[in-house]
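Values in this text are rule-based calculations from the coordinates and carry no lab data. Note that the structure is a prediction, hence the values are computed from the model and not measured. Virtual Cβ from ideal backbone geometry, glycine too; neighbours counted across all protein chains shown.
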Amino acid sequence: MLVIKDTFRNQPSRRTLFKPLQASQGAHNTASIVSTRLISYCITVSEVCYPATLLSAKVRQEWLHSPEMKIRVLFLCATNGVQSPMAEALLNRLDSAHFDVTSAGIDRGEMHPLAIEVMKEVGIDLEGRVPQRAHDVLNQDFDFVITVCDRAKAAYPEFPRAELVYWRFDDPFEAMEDTERKRMFQLLRDQIAHRLRLFALVQVRFAPIEKQASRRSAVSV
């Protein structure tokens, strides 16, 4: 097992190591800047501590993709009954190896029947799921807090260590007819799935050091 020791915070932290670089710093000196950050880290292998910069690329990649270093994500919507539980379930199915995912609402509502129905169409069962409030998870640390509706964006509680991202989706409740509303829920599901594939691609596939300079702009589209 590989164990990262953060000499600043004494906690495993992926975001501290890969803090996004300012655009003004430029791509040409990205490697040297990140290498300087890595000097403050050491990896313990069989109780021997090594500076991260001295380890092989293979060992560094094993650390980056180790279960202990999962990216912690919180999805927030108004009631934890539509957008956020859909996003949580879809990301868990897409890549639970690299992401530790939770969802919550500004208020605690109920799972919407159409959300349950359209998720069953893609093989995900949300029946019996119990929504939770954002205040129920305030004591947890997240790398990303992603708000997925306008109300959550306006009223989310503070998570000081997390990077806040806002994703806008079409509102399925704008549809008046039942048939049209179900189609809107299906569209919402597909929009969320598409955004999650992009998010996972950026965070995992392009996570090596030389790609970190573009992280913030890529997840905020």
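FRET efficiency for residue 179 and residue 135, Cβ-Cβ distance as r, R0 = 35 Å, nearest 0.05?
It comes out at approximately 0.45.
Which of the peptides 171-182, 107-118, 142-153, 70-81 is most tightly packed, and how do the rest follow, judged by the mean count of other Cβ atoms within 10 Å per residue?
The peptides rank, most packed first, as 70-81, 142-153, 107-118, 171-182.
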